[in-house]
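Report on the following structure.
The values are calculated or read from the model by the stated rules, or taken from the named source; none is laboratory data. Given the structure is predicted, the values throughout are model-derived calculations rather than measurements. Cβ: placed from backbone, ideal geometry, glycine included. Neighbour counts: every protein chain shown. Heads up: the accessible areas ignore ligands, DNA and RNA and are worked out on the full protein's heavy atoms, side chains in. Shrake-Rupley method; radii C 1.70, N 1.55, O 1.52, S 1.80 Å.
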There are 2 protein chains.
Amino acid sequence: MSGIKDIAKKTGLSLATISRVLNNSTLVSEKTKSIVLNAAQALDYQPNLTAAALRSGKSKIIGIIVPEINNPFFSSIINGIEQYVGKNGYSIIIAQSHESKKKERHAIQSFVKLNVDGILVSISKESNDFSFLDKLKQEKIPIVFFDRKPQIDNIKEVVFDDYYGAFMATEHLIQQGGNHLIHIAGDLNLSLYKDRKRGFQAAMERYQKSYAENHVLELKKNSAQDTQILKDHIQKNNVDSIFVNGDEDCIYVLNIIKSLGYKIPRDIRLVGFGNLSISTLVQPPISTIDQRAEDMGMVAAKTILQSLDEKQPTSFKEVLSPKLLIRESSKVISS
Amino acid sequence: MSGIKDIAKKTGLSLATISRVLNNSTLVSEKTKSIVLNAAQALDYQPNLTAAALRSGKSKIIGIIVPEINNPFFSSIINGIEQYVGKNGYSIIIAQSHESKKKERHAIQSFVKLNVDGILVSISKESNDFSFLDKLKQEKIPIVFFDRKPQIDNIKEVVFDDYYGAFMATEHLIQQGGNHLIHIAGDLNLSLYKDRKRGFQAAMERYQKSYAENHVLELKKNSAQDTQILKDHIQKNNVDSIFVNGDEDCIYVLNIIKSLGYKIPRDIRLVGFGNLSISTLVQPPISTIDQRAEDMGMVAAKTILQSLDEKQPTSFKEVLSPKLLIRESSKVISS
DNA sequence: GAACATAATGTAAACGTTTACATTATATTT
DNA sequence: AAATATAATGTAAACGTTTACATTATGTTC
């Protein structure tokens, strides 16, 4: 493990020159450049990023906060982020909020202490206080929200078009002949689940299907009571199509429907959300909305890297558009 | 954002004393301790971990390398690691090898440059050259392998008892009345899949079931040819029990079996491996071996933290024992 | 070839801590 | 109360880079 000093010693050049070569400054001749690089190679030079970070104020680290890392949606986003920032010489450091705003704040604190150059965050369900934004602005640490974001202005966000995704899913179910649709909603504290619900409602109205609040069910998994409510609702109202807020819940619903003796897609059609890998593993494979998690990660990464050399913070919004994947669970069988 | 200097200025004490208080050294009086802590609070002191890392050589960061972050097994392990090290004031930094030994080496290099205090790694399928261990020893950076490890001596490892897990699974299938068992193997380049295969074989022999190499199938998913081989084998040999190397593959097999018209568990019984959350989402829920991923993460984390203040590197091995989870897919129906 | 511009290199301070060593204050022993 | 031990604090260097500023070498213009 040799440092910049060793190279200086070996080449007889000054520390400044070595540093300039290693950071490919233009203020250096081609000749010395190659001398230095050769020496660096020969000595197996390993830069000490900590020292560089201390002096320059740039750590080359991007901090990421997600609710849960073992949620395939988030881990795919992280995948996308890592891919993009890795190419640009940055490392990522990950923290989980576990849906707790306390842990979220704590993670941000840690990131500041570690001198991260930027922060990417998908907020927890609990989050309602965003005063940390002021602090980050003070410290000049840019922050980009992805997927889950606070409902405030002047932020940078890359989100998914949940509204339109839900609209497409619902529209598709209607076009397959659906007349009695319901929507299984997610946690309505999060704006994105609200958007999905709105998209459902909009499609219902667009196609003149009667819409009432009881066409939307919030269901707590593993709650026998909620399960019963769902079963009753399906049977009493001749439900023929269900749009579910997420693939996991969708599989849960799928199993309930099967247990009632209905055939999918013959009797009831189903569309999920998220395109998790499990969605193709069940029988029948479920139609779903692809959220392009990796793309989201890459866009978020690109956005944060661009923000790094911004003098004045600007706001930014990118909305990724949904893709409907039609699989067995919603295909009306052509007799 | 105030630093140690600001506290010194405010309290009139020297930098050394402040630092001592903040690192709870014993060499400081209770009185000054409280003075300093109050001042720190009042000034909203935020330690600069980069500076501390540079001077002390301790970054308070643990590097983790996994093949894929969006593999639920690994993300659960990471969960366990983060939980444990987080409690001890450490952060984690994550890199993915994507099963490439080149990326793996690159990640290790990055970690060294970032001055991580320790490294946790689950090696890629490609890995065969472990010369980086010498370098790390030189740099005095401890390394702990989890789940996937090189087959060499004098390392620290926390692994799972794949052999016994496979044995238990197979034994269970036999006890449920299985006579014609097969095993769908994973990538036999990895020792853990070899161990699972060995466990299967051992159980077969232990219970005097005829065992031949063609009772083990390596199947590439999405290969029509392999799928056909599997189908043929099941039908020709009256297979009644299948032990599959992992839950995902198991669901794949489950769907094939269903498509052949067999009933599970009536005609064929199935056990997977890994206890992924999807294993309970399919119909019927599949029996599986729980790998206690979070535990593994915690043990690995504990091991690496303990290694930090070791003068001489020692070797270490912890083997986590399997838990058999019996679900529908392997329950013989009591007539 | 003098005068100037520009390119290339060098010097030394700085980043914010920790820590070896030195000093001073306090407690204990005689 | 002097002598000694111990506890508490201070001084200043160090960690390995980057970078503002200074200097020297090279090229260009007349």
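Points worth noting:
- Protein heavy-atom accessible surface, 1.4 Å probe, per residue over the protein assembly as shown: 46 Å².
- Rounded if a/c under 1.5, otherwise prolate or oblate - the protein assembly as shown, Cα gyration tensor axes: oblate
- Two-decimal Rg/Rh across segment A:28-136, once Rg and the Kirkwood Rh are taken from alpha-carbon atoms: 1.13
- Dipole of chain B [Lys/Arg +1, Asp/Glu -1 at C-beta], most positive-end residue of B:Pro150, B:Ser279, B:Ile268: B:Pro150
- Segment A:4-47 - charge dipole about Cα centre, Lys and Arg +1 at Cβ, Asp and Glu -1, debye rounded to 20: 120 debye
- Counting, for every residue in B:272-280, the Cβ atoms of other protein chains within 10 Å of its Cβ and taking the mean gives 2.
- The stretch between A:Lys231 and A:Lys5 holds 74.1 nm of extra length on full extension. This uses 0.36 nm per residue minus the Cα-Cα distance.
- Area of A:Tyr262 that stays accessible when all protein chains are in place (1.4 Å probe, Å², to 10): 70 Å²
- Taking amide H as placed 1.01 Å from N in the peptide plane, B:Ile92 has its amide H under 5 Å from the amide H of A:Ile94, B:Ile62, each at least 5 places away in sequence or on another chain.
- The calculated FRET efficiency for A:Leu308 paired with B:Asn179, based on their beta-carbon distance and R0 = 60 Å, is about 0.40.
- Computed 3J(HN,Hα) for segment A:42-59, one whole-Hz value per residue from the Karplus formula 6.51 cos²θ - 1.76 cosθ + 1.60 where θ = phi - 60°, is 4, 8, 6, 5, 10, x, 9, 5, 5, 5, 4, 4, 4, 6, 8, x, 10, 8, glycine and proline marked x.
- Positive-end extreme of charge dipole, the protein assembly as shown - chosen from B:Asn48, A:Ser122, B:Ile18 (charges on Cβ): B:Ile18
- Residues whose amide H falls under 5 Å from that of A:Leu270, counting only those 5 or more places apart or on a different chain, are A:Ile242, A:Ser330, with hydrogens built in the peptide plane.
- Percentage of interatomic Cα-Cα distances in segment A:76-120 larger than 17 Å: 38 percent
- Once backbone amide H atoms are built at 1.01 Å from N, B:Val121 has B:Ile65, B:Val144, B:Phe145, B:Phe146 as its partners under 5 Å, excluding neighbours fewer than 5 places away on the same chain.
- Protein-only accessible surface order, largest first, of B:Asp290, B:Asp187 at 1.4 Å: B:Asp187, B:Asp290
- Solvent-accessible surface of protein heavy atoms, probed at 1.4 angstrom with all chains present, puts A:Thr170, A:Thr32 in the order A:Thr32, A:Thr170, largest first.
- Value of [θ]222 nm, deg cm²/dmol, for the protein assembly as shown, DSSP H segments ≥ 4, -39500 (n - 2.57) each, nearest 500: -13500 deg cm²/dmol
- Area hidden from solvent between A and B (accessible, protein heavy atoms only, 1.4 Å, total, Å²): 3800 Å²
- Of the residues making up segment B:104-124, those losing 50 Å² or more of accessible area when the isolated chain is joined by the remaining protein chains, with a 1.4 Å probe, are B:Lys113, B:Leu114.
- Accessible-area loss of 40 Å² or more (1.4 Å probe, protein heavy atoms, chain alone versus all protein chains) is found in segment B:16-63 for B:Gln46, B:Leu49, B:Thr50, B:Leu54.
- Averaging the Cα positions of each part gives two centres, and for segment A:48-101 and segment A:241-308 these lie 26 Å apart.
- Within the shell of other residues whose beta carbon sits under 13 angstrom from the beta carbon of A:Asp309, the net charge comes to +1, with Lys and Arg scored +1 and Asp and Glu -1.
- R0 of 45 Å, Cβ-Cβ distance A:Gln41-B:Leu37: FRET efficiency to nearest 0.05: 0.35
- Protein accessible area in chain B, 1.4 Å probe - carbon and sulfur %: 47 percent
- Dividing the C-alpha radius of gyration of segment B:187-335 by 2.2 N^0.38 Å, with N its residue count, gives 1.24.
- Taking only Cα atoms of segment A:4-47, radius of gyration then Dmax in Å: 9.0, 24
- Cross-link pairs beyond the 29 Å C-alpha cut-off, checked among A:Lys9/B:Lys9; A:Lys103/A:Lys231; B:Lys149/B:Lys209; A:Lys113/A:Lys156: A:Lys9/B:Lys9; A:Lys103/A:Lys231; B:Lys149/B:Lys209
- For chain A, the Stokes-Einstein estimate of translational diffusion at 25 °C and a viscosity of 0.890 mPa s comes to 108 µm²/s, using the Kirkwood hydrodynamic radius over alpha-carbon pairs.
- Probe 1.4 Å - accessible area at A:Ser259, Å² to nearest ten: 80 Å²
- Most mobile listed residue (B:Gln312, B:Gln109, B:Gln175) in chain B, GNM with C-alpha springs under 10 Å: B:Gln312
- Estimated dipole of the protein assembly as shown in Debye, rounded to 20 [Cβ of Lys and Arg +1, of Asp and Glu -1, Cα centre]: 1600 debye
- Residue by residue along B:66-72, Cβ atoms of other protein chains within 10 Å of the local Cβ number 5 on average.
- Of B:Asn255, A:Ser100, A:Ala185, farthest towards positive along the dipole that unit charges on Lys, Arg, Asp, Glu beta carbons give the protein assembly as shown: A:Ser100
- Evaluating 6.51 cos²θ - 1.76 cosθ + 1.60 at θ = phi - 60° for every residue in segment B:69-77, the Karplus couplings come out as 6, 8, 10, x, 5, 5, 5, 5, 4 Hz, glycine and proline recorded as x.
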